[in-house]
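To start, the structure itself, in structure tokens.
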Amino acid sequence: MSAQILSGKIFASEFKEEAKKQVLALKEQYNITPGLAVIIVGENPASKVYVNNKHRTCEEVGIYSEVISMPADTTKEQLIAKIDELNYRQEIHGILVQLPLPEAITKEEADILNAICPLKDVDGFHPVNVGKLMIGQDDGMIPCTPYGCLKMLQSAKINIDGAHAVIVGRSNIVGKPMGQLLLAQNATVTICHSHTHNLKEICRSADILVAAVGRPHFITADMIKPGATVIDVGINRIAPKKLVGDVDFDNAVEVAGAITPVPGGVGLLTIAMLMQNTINAAKLQLA
Ligand code: GUN
């Protein structure tokens, strides 16, 4: 039997509708419009597309949006000075520095991201927010992609409590925070990576399998327990106009109980959750 398809489009529009209502409520109750500043350094074409999408989604939801374009030869000091200016601007509640940074300042990425005030860190990458997630303090910012995956699981009423959740990939942006979020929901969490022994067996024991490795079709149907929920976070370009996930979808869909497609899956949730994080940031800054 074919799996239930968890459509990112449907969940993203549900989450954006929720966000719109919260924006209206903030306006009514406090006369505040949440504001997001996105900094893009250099001319990376993919980044430009992502940043435009963020700007358009802000407009759709009613969030004030500023896109700040800086030249490719921007220094770390110049970028941090810009971040600092935004840290002090009251109408800006969220700050996002689009990654990847140009090669000349790639090595400075941690210093640059750490310059963002944790209350405005809508990416959830600042060590203060990473720490809050780790110890279960709920006044931090959660990285958008895993936050979206969790919200989708909850909205789809997939059981997490007591489930074995296996995450393939241990990145700071997806794998590790996804593990923390599912653990906080009482899942038993296993995080696998390139050195893991018996990967297939571990994956086959998952009730919830999250693929975030960045390798096309890495998760094959024989690695999936019949009926499991499969979340594919991978976006891999295998031809100029062909994107595929980390999961071999065409075969996996015959085994899984529920599965996200690529494209049209969790990628769409990431921007929706950026909207939610900007609203959460505005609420935190009310105090
Ligand atoms: N580039 C690709 N994904 C992301 C993301 O989630 N945050 C930032 N800041 N840059 C990205």
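The values are calculated or read from the model by the stated rules, or taken from the named source; none is laboratory data. Please read these numbers as outputs of a predicted model, since none were measured by experiment. Quick reminder, even Gly has a Cβ in these numbers, built from the backbone with ideal geometry, and neighbours come from all protein chains shown.
If you go through the range 1-31 one residue at a time, how many are within 11 Å of ILE279 (Cβ to Cβ) and among the acidic types (Asp, Glu)? Looking only at that region, the number is 1. Contact annotation: no residue pair with Cβ atoms under 6 Å, 6 or more positions apart or on different chains, pairs a residue in the range 79-93 that is in contact (Cβ under 8 Å) with a residue 12 or more places away in the chain and outside the structural domain of THR106 (by TED's automatic domain parsing) with a partner that is surrounded by 13 or more Cβ atoms within 10 Å (Cβ to Cβ) and of a type in the set (Asp, Glu). All of THR220, THR188, THR270, THR196 fail the test of being among the β-branched types (Val, Ile, Thr) and either crowded, with 20+ Cβ neighbours inside 10 Å or not assigned by TED's automatic domain parsing to the domain that holds ALA156 (or both), apart from THR270. Do you know which residues across the range 236-264 are within 16 Å of the ligand (Cβ to nearest atom), assigned to a loop (DSSP other than H, G, I, E, B) and in contact with a Leu (Cβ under 7 Å, 6 or more places away or on another chain)? Listed by number, the residues that qualify are VAL262, PRO263. Once the range 247-261 is narrowed to residues that are buried (at least 22 other Cβ atoms within 10 Å of the Cβ) and under 11 Å from LEU6 (Cα atoms), the residue that is farthest from the chain's Cα centre (by Cα) is ILE259.
Taking the numbered list (1) without any contact (Cβ under 8 Å) to a residue 12 or more places away in the chain; (2) within 22 Å of the chain's Cα centre (by Cα) in turn, LEU269 passes all entries but (1).
The C-beta contact set for the range 232-250 (first residue of a type in the set (Lys, Arg), second residue part of a strand (DSSP E or B), distance under 9 angstrom, 6+ apart or interchain) comprises ARG237/LEU243; ARG237/VAL244.
Checking ASN44 against (1) in contact (Cβ under 8 Å) with a residue 40 or more places away in the chain; (2) of a type outside the set (Ser, Thr, Tyr); (3) within 14 Å of the ligand (Cβ to nearest atom); (4) under 30 Å from ASP250 (Cβ atoms), only one condition comes out false. Which one? All conditions are met except number (4).
I'd like to know if the range 128-137 contains one or more residues that are more than 17 Å from the chain's Cα centre (by Cα), among the aliphatic types (A, V, I, L, M) and surrounded by fewer than 20 Cβ atoms within 10 Å (Cβ to Cβ). The answer is yes; a qualifying residue exists.
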